[in-house]
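**Student:** What follows is a structure written as structure tokens; I'll ask about it next.
The values are calculated or read from the model by the stated rules, or taken from the named source; none is laboratory data. Computed from a prediction, not measured in an experiment: that's the story for all the values here. Methodologically, a virtual Cβ is constructed for each residue, glycine included, from the backbone with ideal geometry; neighbour enumeration extends over all protein chains shown. Areas reflect the complete protein model, heavy atoms only, side chains present, ligands, DNA and RNA absent. Shrake-Rupley method; radii C 1.70, N 1.55, O 1.52, S 1.80 Å.
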Amino acid sequence: LGFTLPGQLPPNAIMAIVHDTVITRQEVDELARNAILESVRRYARQPEVLNQKVAEVRAEALERLIEDRLILHEFATAGYILPESLVEEYVQERIRAEFGDRVTLTKSLQEEGLTTEKYRQRVRDRFIIQQMRYKNVSGEIIISPSKIENYYLAHQDEFRVEEQVKLRMIVLGKPSAEDADQVRELGREIRLKLQEGAAFTEMAAIYSQGRQGREGGDWGWVQRFNEEGASVLRPELAEVAFSLKPGEFSEVIDLPEAVYLMLIEDKRSNHVRPLSEVRDEIEAAMLTQERERLQRLWVERLKSKTYVRYF
């Protein structure tokens, strides 16, 4: 990782043995590298918290490696057959996707200290694990319409939506204090054009800043508060937005950093999203839950018949 954490074991320290395969601390840290670096970035000034977070990240990575070794051992001993032509096709696809060509592959592997054969074996193992998981976990899952409907009825609060407005907004930034008067005047001119019948989308596309400006000032459906109870818009903007009626646009809203104009296209009161709108979300959530449950049961069965030792 390029640095040493307190109490860090040497790279070749054994973390676990699965059947006759050793898992080292270096393998764990390679898998957990990004999560460890993120923990260091966030908790560098809190050594106790950092140690706890890194320990948690390593424990998760170790379990993933143990699961992978169990699955590969099951593939090797339970009589599964995977055509080598299919594996080779997958390897070539990964090379094209990750590196583009063999020259880049060779150079990149040299920088990582990997041989081509070791990379091919890693990709092969990944493919076998994916196929085994599909056969023993994902392929068995069916979420029936009645289960989705029952989940929806039992979790109404999850789909409750606070008051919303369908908002378009023109944002005119103030580059400096000297430009403020000019920006305010531009805001008044735009509002006058809107009163005379100019399309809000056209005015936004011409004058408004940011990505939403290019999309006609479209902010989509906006709630008054997010899930944490904080105002989605600045309080000054939210107060205006939720006081307008559908089809109305605001006065010029003059705030220190910018001038704003709003159009409320539609409004929704507090409501529960209909099943037709959330069916796909529910199915995806239930698939994830069921996949995780079956994965745990499968790994427990593999552990029960395979030698696993932690260090």
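**Student:** Condition check: of a type outside the set (A, V, I, L, M), over 29 Å from Ser276 (Cβ atoms), modelled with pLDDT of 90 or more and assigned to a helix (DSSP H, G or I). Does Glu178 satisfy that?
**Tutor:** No: the conditions fail for Glu178.
**Student:** Still on this structure, I have one more. Out of the residues in segment 156-200 that are over 29 Å from the mean Cα position of the chain (by Cα), open to solvent by 60 Å² or more (accessible area, probe 1.4 Å) and touching a residue at least 24 places away in the same chain (Cβ under 8 Å), state the one that is nearest to Ile264 (Cα to Cα).
**Tutor:** Of everything passing the filter in segment 156-200, Arg188 is nearest to Ile264 (Cα to Cα).
**Student:** So which residues in segment 128-138 are open to solvent by less than 80 Å² (accessible area, probe 1.4 Å) and more than 18 Å from Gly79 (Cβ to Cβ)?
**Tutor:** Val137, Ser138
**Student:** Condition first: over 24 Å from Ala198 (Cβ atoms), free of Cβ contacts under 8 Å to residues at least 60 places away in the same chain and surrounded by 13 or more Cβ atoms within 10 Å (Cβ to Cβ). Now tell me which residues in segment 235-265 satisfy that.
**Tutor:** Glu236, Ala238, Glu239
**Student:** Given Arg211, Arg191, Arg279, which one is under 20 Å from Val161 (Cβ atoms) and not in a loop (DSSP other than H, G, I, E, B)? Working first, answer last.
**Tutor:** Values: Arg211 fails: under 20 Å from Val161 (Cβ atoms); Arg191 fails: under 20 Å from Val161 (Cβ atoms).
Every option except Arg279 fails the conditions.
**Student:** A further question follows. For segment 254-269, give me each residue that is outside any strand (DSSP E or B) and either over 28 Å from Asp179 (Cβ atoms) or touching a Gly at 6+ places or on another chain (Cβ under 9 Å) (or both).
**Tutor:** Keep residues of segment 254-269 that are outside any strand (DSSP E or B), which gives 255-257, 269.
Once the filter is applied, which keeps residues that are outside any strand (DSSP E or B) and either over 28 Å from Asp179 (Cβ atoms) or touching a Gly at 6+ places or on another chain (Cβ under 9 Å) (or both), segment 254-269 yields Glu257, Ser269.
**Student:** Let me ask something additional. Please work out which one of (1) surrounded by 20 or more Cβ atoms within 10 Å (Cβ to Cβ); (2) touching a residue at least 40 places away in the same chain (Cβ under 8 Å) is the condition Glu67 fails and give its number.
**Tutor:** Evaluating Glu67 over (1) surrounded by 20 or more Cβ atoms within 10 Å (Cβ to Cβ); (2) touching a residue at least 40 places away in the same chain (Cβ under 8 Å) leaves (1) as the failure.
**Student:** Another question, then. What single numbered condition from (1) open to solvent by less than 20 Å² (accessible area, probe 1.4 Å); (2) in contact (Cβ under 8 Å) with a residue 60 or more places away in the chain; (3) in a loop (DSSP other than H, G, I, E, B) fails to hold for Gly216?
**Tutor:** Failed condition: (2).
**Student:** For Glu74, only one of the following conditions fails: (1) at pLDDT 90 or above; (2) open to solvent by less than 30 Å² (accessible area, probe 1.4 Å); (3) of a type outside the set (Gly, Ala, Ser); (4) under 29 Å from the mean Cα position of the chain (by Cα). What is its number?
**Tutor:** Of (1) at pLDDT 90 or above; (2) open to solvent by less than 30 Å² (accessible area, probe 1.4 Å); (3) of a type outside the set (Gly, Ala, Ser); (4) under 29 Å from the mean Cα position of the chain (by Cα), only one is false for Glu74: (4).
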